[in-house]
1. Starting from one equal scatterer on each C-alpha and no solvent at all, send me the Debye-based log10 I(q)/I(0) for region 118-248 at q = 0.18 Å⁻¹, two decimals.
2. Which residues' amide hydrogens lie under 5 Å from the amide hydrogen of Ile130, considering only partners 5 or more residues apart or on another chain, with H built in the peptide plane?
3. Mind checking which lysines have their Cα closer than 16 Å to the Cα of Lys53? Skip sequence neighbours fewer than 8 apart in that chain.
4. What is the dipole size for the chain, taken about its Cα centre, with +1 at each Lys and Arg Cβ and -1 at each Asp and Glu Cβ, in debye to the nearest 20?
5. On a C-alpha basis, how far is the centre of region 69-119 from the centre of region 193-209 in Å? Whole number, if you could?
6. If you project the alpha carbons of the chain onto the principal axes, what extent comes out on each, in Å, largest first?
7. Quick one, what does Rg over Rh come out to for region 27-69 if you take C-alpha atoms and the Kirkwood Rh?
8. If each DSSP helix of 4+ residues adds -39,500 (n - 2.57) and the sum is divided by the residues in the chain, what number results at 222 nm, nearest 500 deg cm²/dmol?
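Derivation of every value follows stated rules applied to the coordinates shown; laboratory data play no part. Fair warning: this is a prediction, and the values are worked out from it, not measured in the lab. Glycine gets a Cβ as well: all are built from the backbone with ideal geometry, and neighbour counts include every protein chain shown.
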Amino acid sequence: MNDEIIAGHYKVIKHIGMGSYGHSYLVFDLLTSQKKVLKVLRLHKRITPAGRKGFALEKKLLSSIDHPGFPKYFEDGIYKNIPFFTMEFIDGKTFEQLIFSEGRKISEIEAFKIMDDLLQYIEYLHSQNIIHRDIRIPNVLLEGSKIRLIDLGLAVHLRGEKNVRAANDWDIRREGSQRADFYGLGHFLLFLLYSNYSFDKYEEEKSWSEELNISSEAKQIIKRLLQIEPAYEHCTQIRADIKKIYKV
C-alpha cells in the first residue's frame, strides 16, 4: 500500500503495526499536511459480524475519549469496501522497543512513576466505563517525557464481573471489569522491573518475587495487581500504595 492514496487525501507512508482488529499505517494527510495513523479492518475480521462489530466499537470508544493520554480520533470512512478510521500519530517509542531494542534500564522508583502516570489514564477510562484490556509494553509509548496509551482494539464497556473468579490468565485479561486492567498493569510493571535484572543461564529458575531485588511494598502491590493476594478494586487504592514507595 506504500504511496497509495486513500480516500483522496491520505498518502500511505508505511505499515507500522497490526493490532487485534486491524492494520495500522502511517499516512500523510494531503489536506492538513499532517502525519496521521490510519487503521483498517483486517481481512479475516471483515468477513465476520463479530470482527466488524469489534472494529466499530474500537472506533466508537476512541472517538468518545477526550484525554491527552490517548491518540486523538479524526475521522472514519470506507476505501475499496474496507472500513478505516484515522487518529493522531504519536512520535514516540513503545516500552517494548525501549527495553528490548535499546536496553533501557528502569529502576524501581522510575517504574512506579511510569505506572502512576499510566494509572491516571486508566482511571480516566474507568470513569468513562471503559476497560482497556490490553495494557502491555507494545501499547504504552514514551513521547519525550510523556506516557501515552494506545490500541483500544480489545476495549469494552464496563461489565459487572466483580464477584466472578477467573479460571486462568487469559480469562482475567479478557474480563470486562477493572481488575482486567490491573492485571495487565501488574505484568507491565514486571517488564519494567525486569529491565534491571541480569539473567544467569546456570541459575535455577525462581519466581519473580525471589529474582527481583525490590521493596516489600513493591512486591505487595504486584501481588494485588496479579490477584495473588486480594485484588484492587479502584485506581485510588493502587495510588495510595504507590505513595508508600515514593512521594508522588
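1. -1.07
2. Leu158
3. Straight-line reach from Lys53, under 16 Å: Lys39, Lys45.
4. 760 debye
5. Region 69-119 and region 193-209 have Cα centres separated by 27 Å.
6. 57, 41, 37
7. Working: Rg = 13.3 Å, Rh = 12.3 Å.
Rg divided by Rh gives 1.08.
8. Helices in the chain give a 222 nm mean residue ellipticity of -10000 deg cm²/dmol.
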